[in-house]
Amino acid sequence: MTTSSGHPAQHVLISGAGVAGPALAYWLHRHGFAATVVERAPQMRHGGYSVDFRGGALEVVDRMGLLERVRALDTQMGDAAMMDAQGRQYATMPAAVFAGDLEVPKGELTRLLYEVTRDTAEYVFDDSIAALDQSGDGVTVRFEKAPPRRFDLVVGADGLHSRTRALAFGPKERYVRHLGLHTAIFSLPNYLGLHRTGQLYVSPGKAANIFSEGRDGRARAALHFADDGPEYDRHDPAEQRRIVAERFAGEGWEVPRLLEEMERAEDFWFDTNAQVEMDTWANGAVVLLGDAGYCAAPTSGRGTSQALIGAYILAGELSRAGGDPAAAFAAYEQGMRGLVAEHQAMGRDVAERYFMPPPSQEVLDLLAAGDPSHAAAEPAPLPYYPVR
């Protein structure tokens, strides 16, 4: 087998089966590379937040031939009512303020990406990378469970807490910058009868929202709180639930009911809003993709867009460079740095303003109307890479 550039195919290991990993596996196959995806979870992950598609990400999905299938998953979220502690509405946040051109449940998106790549990429679940040994023209990978294997390239697409990044670049403390905001997300019965809309409650240092999920009878809730800590075991959901419950104890509106639903939710997710800042995303034959290398934080609303665009460009540049990692990784970084810088600035700005007094209805309407002072710059057009 050869790449679309006519060079011998290479075998690439991808760590992480979120959005970035399967998207990269798709494009690597189109360019003639072989891909193996290793995922520590026993199966594709479900739950999490809804993700937004904007600009170039929609174009990537279109080039994958998946645009109509992704559109079919759109939550079609409408405006959100802003509530006080007594449950009284005092403003309406237009959908244009908080959503992208398209909003899709993350679990549905990852299932779709897995579905279109499972026959062309090797997936190894319930395992993870334990060690990397770069020597010669490749990388020997030792796994937690499977026997060691040799790969030409290794891609860390394993998120904010990337094990690949730690092994190839050093501890996360060097690169992860916390934004002082933590979030818990879970699904629950749509007991408020919401239909393509949501409600948002804000108190000092805390916020809670609930949105219809797009599925009959279900909704999704998010609880946010400001804190430079706390220290917690990110593999212990019981401890995380306890932390959230303590932070929101005594709050009004629907918060007591949300805390009850949180305790029995099977898809509970909790993490910090943080960014990853690195001078380079490559070290020899190892490179980082998506949140592992340049997380912009959920507050940016751009994580999925970055993952999809990054996967497209990384695979394309590997093909263009004939698999030469140094040339490909340099071109990949050049193509992504500007976009990442813009998205990270947005993530920091939103985190800083998250618990400020809610804006007036006039300001919200202005934002929804596309006030130029709040508009993001349009990214450069996506490059074209021939595929087979």
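Numbers below:
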{"item": "Residues satisfying the stated conditions in the stretch 246-268, i.e. among the hydrophobic types (A, V, I, L, M, F, W, C), out of contact with any Ser or Thr (no Cβ under 8 Å at 6 or more places or on another chain) and crowded, with 18+ Cβ neighbours inside 10 Å", "result": "Phe248, Trp253, Val255, Leu258, Leu259, Met262, Phe268"}
{"item": "Of all residues in the stretch 2-40 being assigned to a strand (DSSP E or B) and modelled with pLDDT under 95, the one that is surrounded by the fewest Cβ atoms within 10 Å (Cβ to Cβ)", "result": "Pro8"}
{"item": "Subset of the stretch 110-121 (residues that are in contact with a Phe, Trp or Tyr (Cβ under 9 Å, 6 or more places away or on another chain) and part of a helix (DSSP H, G or I))", "result": "Leu113, Tyr114"}
{"item": "Residue among Gly316, Gly290 that is in contact with a Phe, Trp or Tyr (Cβ under 7 Å, 6 or more places away or on another chain), under 18 Å from Ile14 (Cα atoms) and not hydrophobic (A, V, I, L, M, F, W, C)", "result": "Gly316"}
{"item": "Elements of type strands (runs of 3 or more DSSP E) in the stretch 143-232, at least 1 residues being out of contact with any His (no Cβ under 7 Å at 6 or more places or on another chain), among the aromatic types (Phe, Trp, Tyr) and within 26 Å of Val19 (Cβ to Cβ)", "result": "176-189, 206-212"}
{"item": "Test for Gly198: is it over 30 Å from Asp74 (Cα atoms), in contact (Cβ under 8 Å) with a residue 24 or more places away in the chain and more than 21 Å from the chain's Cα centre (by Cα)", "result": "no"}
{"item": "Some residue of the stretch 241-258 being of a type outside the set (Phe, Trp, Tyr), assigned to a strand (DSSP E or B) and either touching a Pro at 6+ places or on another chain (Cβ under 6 Å) or farther than 23 Å from Ala351 by Cα (or both)", "result": "no"}
{"item": "Criterion violated by Leu167 - all others in (1) at pLDDT below 95; (2) of a type outside the set (Asp, Glu); (3) out of contact with any Asp or Glu (no Cβ under 9 Å at 6 or more places or on another chain) satisfied", "result": "(1)"}
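The values are calculated or read from the model by the stated rules, or taken from the named source; none is laboratory data. Quick caveat: nothing in here was measured; it's all calculated off a predicted structure. FYI the Cβ positions are ideal-geometry reconstructions off the backbone, even for glycines, and counts take in every protein chain you see.
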